[in-house]
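Take a look at the structure set out below.
The values are calculated or read from the model by the stated rules, or taken from the named source; none is laboratory data. In this text, all values refer to a predicted model and were calculated from it rather than measured experimentally. Cβ placement follows ideal geometry from the backbone for every residue including glycine, while neighbour counts extend to all protein chains displayed.
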Amino acid sequence: MDSSNSWLLSRVGARLLTASAGGLAGWWVGSQIGYPVTLCMGAATSAVLILSVMDTLKGHRLLDWLRTPEAAPPDLPGLWGEVAHRVQRVIHVKDEQIAQEQARLQEFLSAIEASPNGVLLLDAREHITWISAAAADHFGLSRQRDLQQRVTNLVRQPTFVQYLAAGDYRDAVKCQMSHGTQMVLQIQVRVYGEGLKLVLSQDITERERADTMRRDFVANVSHEIRTPLTVLNGFIETLGALPLTEVERKRVITLMTQQAERMQSLVSDLLTLAQIEGSPRPASDRWIKVDGLMQRIESDGRALSRERHPMSFVLECDGKLCEIAGIESEWLSAMGNLVSNAVRYTPEGKAIEVRWARLPNGGAEFSVKDGGIGIAPEHIPRLTERFYRVDGSRSRETGGTGLGLSIVKHVVQRHGGELRISSEPGKGSTFTLTVPASRVRQV
């Protein structure tokens, strides 16, 4: 027998005992004063008994409902009905307050999820109690499987483990994560409550890469300018301190001129690159005739080659006039850089092919194929970095500044296109600029 039934039987029994006691009292009084009084007392006792049992049953129904308040309240008359109504109203108000708090909690968690920064919640034993989507990506965790796991058992990066164990969280720490892809995280821990910890993570990979490129850029510019300046200073001292013959003097002046031109080319390329990066996106309604571009590029390329290379320039436009949208000086700079590179790095007698062709999707491509020594695969992804050279000494001998392909990449990306490089050692290289269909037309 369950506790609720035991309680009901005990209450009914108590009522029966009360009524029986009343009946005995009525019988005794009746025996003393006569039958009519006994009859009245018996009737009263029966009424009290019935009312007591009914009252007990109503209370029991109300108590059953309070044990499962999600059910509908019992339909009770009188006082018990009023009690049930008031209890139901209190429960309804509390339910509304709980729903509002849950909604606010969900809004708060949604705001955290919308942030690109990661959030981990740890208990006093450094077990994970909640993981945001960004944090799961940053640390390589599962949002379901890894809950209630000790974080240092899952994230074993030594810098993070030492930082968490040290307990000094005044400064953030940088950690190199290597789950799948290389990622640099900046991690900050905050303590709250009774030993609880909030772990904040931010992906700073691009920032670190940009800082590295900036440092390398400054170092490379300093080196590139320092070298010709050192040569110039040496020659100037030689001219001032030593008596030179006319032949020696001409040779020194020639070398000084070459170094000055090298610095001038470097500064010019730096200014071009800065101008391209700082300019707004080129308009798509300024049209340039492709045949005019090709004629100027061919003229410059043949002048630079001085008939040392067999060169072919092919313009494929289906017999119509092709036009390209954008800034003419930038397209000339990008295309001209590719042709001049081909001339510089192609041995004498090897062929160079320059081609403009329409693509089936409505776009176009400009390609330069040289007959050079080719490029190893590991160098190709870095060719467009500023001052990156596969062979630094050879690049300087040919007069390159190390900025040409960086300029090409920025120009074509600003115009919505792409630079592709394919090469194989010993078989030459092909550099291709793809132009989107929105910037090409035939008239």
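L270 - would you say it is assigned to a helix (DSSP H, G or I) and either over 21 Å from V411 (Cβ atoms) or of a type in the set (G, A, S) (or both)? When the stated conditions are applied, L270 does not pass them.
Of the residues making up the range 408-422, those that are at pLDDT below 90 and polar (S, T, N, Q) number 1.
Of everything in the range 307-347, what is of a type in the set (D, E), in contact with a helix residue (DSSP H, G or I) (Cβ under 9 Å, 6 or more places away or on another chain) and either outside the structural domain of E418 (by TED's automatic domain parsing) or over 25 Å from S406 (Cβ atoms) (or both)? Give them in sequence order. Can you show your working first?
Our first condition is that a residue be of a type in the set (D, E); within the range 307-347, this holds for 307, 316, 318, 323, 328, 330.
Checking which are in contact with a helix residue (DSSP H, G or I) (Cβ under 9 Å, 6 or more places away or on another chain) leaves us with 323, 328, 330.
Once the filter is applied, which keeps residues that are of a type in the set (D, E), in contact with a helix residue (DSSP H, G or I) (Cβ under 9 Å, 6 or more places away or on another chain) and either outside the structural domain of E418 (by TED's automatic domain parsing) or over 25 Å from S406 (Cβ atoms) (or both), the range 307-347 yields only E323.
Scanning the range 424-443 for residues that are under 20 Å from S340 (Cα atoms) and either at pLDDT 90 or above or crowded, with 20+ Cβ neighbours inside 10 Å (or both) gives G428, S429, T430, F431, T432, L433, T434.
Quick check on the range 239-264: of everything there that is of a type in the set (S, T, N, Q) and either modelled with pLDDT of 85 or more or surrounded by fewer than 15 Cβ atoms within 10 Å (Cβ to Cβ) (or both), which residue is nearest to the chain's Cα centre (by Cα)?
Quick first cut of the range 239-264, residues of a type in the set (S, T, N, Q) only: 245, 254, 257-259, 264.
From what is left, the residues that are either modelled with pLDDT of 85 or more or surrounded by fewer than 15 Cβ atoms within 10 Å (Cβ to Cβ) (or both) are 245, 254, 257-258, 264.
Working: T245: 66, T254: 53, T257: 49, Q258: 47, Q264: 40 Å.
Ranking the candidates gives Q264 first.
For the range 160-175, the condition holds for no residue, the condition being that it is surrounded by 14 or more Cβ atoms within 10 Å (Cβ to Cβ) and of a type in the set (S, T, N, Q).
When you go through L164, L121, L141 one by one, which is the residue that is over 30 Å from L66 (Cα atoms) and part of a loop (DSSP other than H, G, I, E, B)? Sole residue among the options that is over 30 Å from L66 (Cα atoms) and part of a loop (DSSP other than H, G, I, E, B): L141.
Look at D211 and say whether it is loosely packed, with under 14 Cβ neighbours inside 10 Å and either over 22 Å from T129 (Cβ atoms) or at pLDDT below 80 (or both). First the steps, then the outcome.
Values: loosely packed, with under 14 Cβ neighbours inside 10 Å: yes; either over 22 Å from T129 (Cβ atoms) or at pLDDT below 80 (or both): yes.
Answer is yes for this residue.
Listed by first and then second residue, the pairs with beta-carbon distance under 8 Å, at least 6 apart or on different chains, first residue in the range 356-383 and under 17 Å from V443 (Cα atoms), second of a type in the set (S, T, N, Q), are A357/S367; R358/Q442; L359/T434; G363/T434; A364/T434.
Would a scan of the range 215-230 turn up a residue that is within 27 Å of the chain's Cα centre (by Cα) and of a type in the set (A, V, I, L, M, F, W, C)? Full working, then the answer.
Quick first cut of the range 215-230, residues within 27 Å of the chain's Cα centre (by Cα) only: 215-217.
Filter once more, keeping what is of a type in the set (A, V, I, L, M, F, W, C): 217.
For the range 215-230, residues within 27 Å of the chain's Cα centre (by Cα) and of a type in the set (A, V, I, L, M, F, W, C): present.
Scanning the range 169-208 for residues that are at negative phi and at pLDDT below 80 gives S178, H179, T181, Q182. Note on the range 268-282: among residues that are touching a residue at least 12 places away in the same chain (Cβ under 8 Å) and not polar (S, T, N, Q), the one that is surrounded by the fewest Cβ atoms within 10 Å (Cβ to Cβ) is R281.
Remark: A136 falls outside the filter, which requires a residue to be outside any strand (DSSP E or B) and either farther than 14 Å from S201 by Cα or touching a His at 6+ places or on another chain (Cβ under 9 Å) (or both).
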